[in-house]
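Structure first, then comments.
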Amino acid sequence: MDVDDDPVVEEIPVFLSKTLAENLYLLQYPVKSSNSTFDNGQVVNSCVKPINQQIKVDYALNTASKNYDSFKGEQFAIAADGKDRERQQKPTFRSGTMDKQSFLSSKPIEDVNRYMVCVLQDREIHATPLNGIVSMRQMFSYFDKQDKRTKAEQKAEQDADVEEEEAKQVTVKFARTENDKVRKAREKSFNYISKMESEEPWCETFWHAKNSTAAELERQKLYCGNASRAGGESVLNVDYAEYLDLLISKEKTDRNIDSMLPSRVVCMHELKQMTLVDQIKIILKDAKVLTFQQIMDLLPDRNLAADKILRTLPMAGVLIRGNWVVQSESIYPEGSVSSINGVPAEQMCKARDYILYRFTQCDKLERHQLALITQLPTEEIREILLSIAKLNSDRSWSMLLPPNEEFTGNEQEISDRQNAFWTARADKFNEMEKSNKRVRKRSARSESKYDTKMSNG
């Protein structure tokens, strides 16, 4: 639709306030009825867990209401705290009856960077980014206390009946050493997160009523100050097309690169925020092997000069017979291990660089020979080959793309520098091959002597 057919009716200025950006949370009550409200509720206690971003709020119940069942309220209090409430260090219901209801928060979403609280005043919109969104749901901890106390009483009775405890067989288990991948997976598990949440102590907080002076002072921080409005540095001066592009969701990926990258694709919005080196690393890592023209087509900024890209490419990738692949350190960063047998990153990078070097010399490689020379498990060798090569019908491996002689001819200077890079490392790789041959010869001689001895015996 033409822009002229949809004229602007009114312009409303939008201001960004960051005063409460690091402390502003949105509390949702998804299970309350539509006609109930907590705006006028009396909060008797509130506390938080800052690290895990948990909130607990206790609302007072009107025990004097004609709809309140006093007998049931007392029964709930006895069930939670027991009949001997004096022994409780901190009883659930101090008054001896159920006089409050507690709400505990949970996080429905982790990433809240795209959510704001906006206030409209005097034909101006003031927006403040949110630091978190939590859902408040009623908790019934008094039932849990009753169950725990019942089990404890039953256990005490059983222990009293047993005069002498019989010997029990104890099984000793040793914990396995875990790598970074296993540790990160464990830290994302439900049991680990629940344990961390339970270990963090609650911090008591002050709750200010919405009509209090303190609450009003905090609400004033939602508005952008006059000094911020007067400055022109933060004004968003873009045309409508660029503005719509900025509004596109971060999860929205570009269709042009989606068909070219077979593995995980970083969205175009996120790619634009990176440096040129990191952009090239991500693209090479996902696409495995690319020509220079393909790299230029995949970069989000199509106006970059070819010379600038050529100067940056050696910092992110290496040239293999006219095609570019990502550096080994980007796939196996320092401190990481392989995903199959846990081989350290240093050995994986050394083996991958050797395989890349061999591809500069020949068209096809065999996996078992590479495993003998690099002394890596065949599974790790296959993992490396899959990042740059394809399996042929004769069980050999060749590069994903054929040699690009056109690039090496047109860009002679960068090709010479890359060749010099591999030549400088050739002696190290040749020594690796010679060392492996010597080890195999000694092993063969030892086996031969052993066979001779056995036959003489």
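The values are calculated or read from the model by the stated rules, or taken from the named source; none is laboratory data. On a predicted model such as this, the values are computed, not experimentally measured, just so you know. Here the Cβ is made from the backbone with ideal geometry for all residues, glycine too, and neighbour counts use every protein chain on show.
Among the residues of region 382-406, the ones that are touching a Ser or Thr at 6+ places or on another chain (Cβ under 7 Å) and in a helix (DSSP H, G or I) come to 1 in all.
Has region 304-314 got any residue that is under 19 Å from residue 385 (Cβ atoms) and of a type in the set (Gly, Ala, Ser)?
no
A quick yes/no check of all residues on (1) at pLDDT 70 or above; (2) surrounded by 11 or more Cβ atoms within 10 Å (Cβ to Cβ); (3) not assigned by TED's automatic domain parsing to the domain that holds residue 344:
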site: 165; (1), (2), (3): no, no, yes
site: 170; (1), (2), (3): no, no, yes
site: 205; (1), (2), (3): yes, yes, yes
site: 211; (1), (2), (3): yes, no, yes
site: 226; (1), (2), (3): no, no, yes
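For region 368-382, give me each residue that is within 34 Å of the chain's Cα centre (by Cα) and over 15 Å from residue 347 (Cβ atoms). Scanning region 368-382 gives a single hit, 382. Condition (residue is outside the structural domain of residue 342 (by TED's automatic domain parsing), of a type in the set (Val, Ile, Thr) and modelled with pLDDT of 85 or more) applied to region 174-190: is it met by at least one residue? There is no residue in region 174-190 that is outside the structural domain of residue 342 (by TED's automatic domain parsing), of a type in the set (Val, Ile, Thr) and modelled with pLDDT of 85 or more. Given the structure, is residue 376 surrounded by 17 or more Cβ atoms within 10 Å (Cβ to Cβ) and at negative phi? So residue 376 fits the description; yes. Taking every residue in region 116-144 that is in the same structural domain as residue 30 (by TED's automatic domain parsing) and pairing it with any residue that is acidic (Asp, Glu) and not in a strand (DSSP E or B), at least 6 positions away or on another chain, the pairs with Cβ-Cβ distances below 6 Å are 131/22. Taking the criterion of being basic (Lys, Arg) and closer than 24 Å to residue 409 by Cα, the only residue of region 271-301 that qualifies is 288.
Just to be sure, is residue 425 closer than 20 Å to residue 318 by Cα, assigned to a helix (DSSP H, G or I), in the same structural domain as residue 333 (by TED's automatic domain parsing) and at pLDDT 90 or above? No; evaluated as a whole, the condition is false for this residue.
The set of residues in region 27-56 that are surrounded by fewer than 14 Cβ atoms within 10 Å (Cβ to Cβ) and among the aliphatic types (A, V, I, L, M) comprises 31, 51. Against the criterion of being of a type outside the set (Lys, Arg), assigned to a strand (DSSP E or B) and buried (at least 17 other Cβ atoms within 10 Å of the Cβ), residue 92 does not qualify. In the set (1) closer than 14 Å to residue 103 by Cβ; (2) at pLDDT 85 or above; (3) within 38 Å of the chain's Cα centre (by Cα), the condition left unmet by residue 60 is number (3). Of all residues in region 29-49, those satisfying the criterion of being assigned to a loop (DSSP other than H, G, I, E, B) and either acidic (Asp, Glu) or over 24 Å from residue 212 (Cα atoms) (or both) are 30, 31, 32, 33, 34, 35, 39. Is there a residue in region 36-56 that is out of contact with any strand residue (DSSP E or B) (no Cβ under 6 Å at 6 or more places or on another chain), over 24 Å from residue 199 (Cβ atoms) and of a type in the set (Gly, Ala, Ser)? Within region 36-56 (the criterion being out of contact with any strand residue (DSSP E or B) (no Cβ under 6 Å at 6 or more places or on another chain), over 24 Å from residue 199 (Cβ atoms) and of a type in the set (Gly, Ala, Ser)), the answer is yes, since at least one residue qualifies.
Of the candidates 315, 348, the single residue that is surrounded by fewer than 18 Cβ atoms within 10 Å (Cβ to Cβ), farther than 16 Å from residue 400 by Cα, modelled with pLDDT of 90 or more and of a type in the set (A, V, I, L, M) is 315.
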